[in-house]
Each structure stands twice: as structure tokens, then as C-alpha cells.
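Only the coordinates and a few stated rules stand behind these numbers; no lab work does. Keep in mind the model is a prediction, meaning the values are calculated, not measured. Heads up, the Cβs are rebuilt from the backbone with ideal geometry, glycines too, and the neighbour counts pull from every protein chain shown.
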Amino acid sequence: MAKHQSRNARDISKRCIVNFRTILSLGLLLSLAGCSLLSPVKTPPNNQYTLSAAGATRTQPVRENRPTLLIATPAASPGYDTTNMIYLERPFQLNHYANHHWVSPPAEMLTPILEQKLRNSGCFRAALGLPSSGTADYILNTELLALQQEFIGGRNQVRLALLATLINGASQQILAQRRFEAVVPAYQVNPYSGVVAANEAMAIVTQKLATFLCRYADE
């Protein structure tokens, strides 16, 4: 009889311990659930980058009787009129980074860059973007053909291509059209390295464009 009572006591003790552990586990789960409900939802960071006139030449004095230039709103080729940062791992296939973007589509950031570069050149009495009142001696149309980081053939580089068309403001005739391109190495395999290379490529291309336009301004 005493042995039977002792066995029952041990069984009851084991059941109490199991129940206590179950209650403790449930309490811990409920506590964690409550913390997750009260905590803010974590979202991936959205990193934004800009293009600038980095590397712009020193401002040159404007000579007398310089022509004026109107910079039309830049266009962008299909696939590039976006804030997405584009990269290629194989030719013709455009990909984009998930959490890395331009603050504006690159074509929209091009106008102030061109204004600064062409004003600094000293070749034009005025170089203004739209909207602008009055007429201009020349009109500059531009189209962003490509701005992409390329991981092809073991290379890591950024390619920027721009098509520029110069128009006579009085006759509306096309005076010249040329494609400008720069390919700049990116030294690390990450989006920010591509941004640095893109700004360098922009400085190169806009300097080439300014030199090209100055030839017509001197005629």
C-alpha cells in the first residue's frame, strides 16, 4: 500500500513538472508574439543616389557676341526612363538592383548638369533649360541611350551613352548629330561603386559634348 501511494505521488509530480514546462513554453511563445506585434515591421533600406557635374571645368569668361543655347528636355531610350539602377550580366538583358535607385530618372538629372557644364565653358552667352522665355541661336536635343553597370566577360564597368543633336534656332535645321560614350571601370562589385563610375562617366561625356558644341559657337 505504501509502495502504491509512493508511485502515485511520483506520477503526479511528473505530470506537474510536464504541465509546468508546457505552461512556461506557451507563456514564452505568447511573449515573443506580443513583442513581434508591438515592434515595427523591418523593411529593406532604399538607398538613393544622384548624378552631378562632378569634374566640371573651371568657369571660363564669356566673350562678346557669344550665341545663346536652349537645352531641350532630355529624352531617354526605352528601358532607361526610370529610377532603377540598371546592370547587365549578359548582352541585351536589363536587370536592376532591388534596393538601390536614382533619386530621379538619369535623363531628368541631365539638364542641370548640361547647364553647368556649358555655362562654365564660356562658349555661350547663356545656356538655359526649359522652360525659358525668348528665342535662342541654337537648340540642343539630347537622348540618354544607355546608363548601365556591366558584369560581362569578367569586366565590371559602367557605360554611359548620349546622343546629341544641335539645331539652328532660327531655321530649325539640324546642324550636327553625334553620339558620345564613356566606359569607366567600377572597382568593386556593388551598386555604390557603379554610382561613382557613373558620375565619372557623366563628367567625361558632358566634357566631350561641351568641346563639340564650342566648335559651332565659334563659327
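So the values come out like this:
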| read-out | value |
| --- | --- |
| Amide H contacts of HIS96 (H built 1.01 Å from N, under 5 Å, at least 5 apart or other chain) | TYR87 |
| Fewest-first ranking of SER121, SER77, using other Cβ atoms within 10 Å as the exposure measure | SER77, SER121 |
| ALA98/ASN65 FRET efficiency (R0 35 Å; Cβ-Cβ; nearest 0.05) | 0.10 |
| R0 of 30 Å, Cβ-Cβ distance ASN190-ALA75: FRET efficiency to nearest 0.05 | 0.50 |
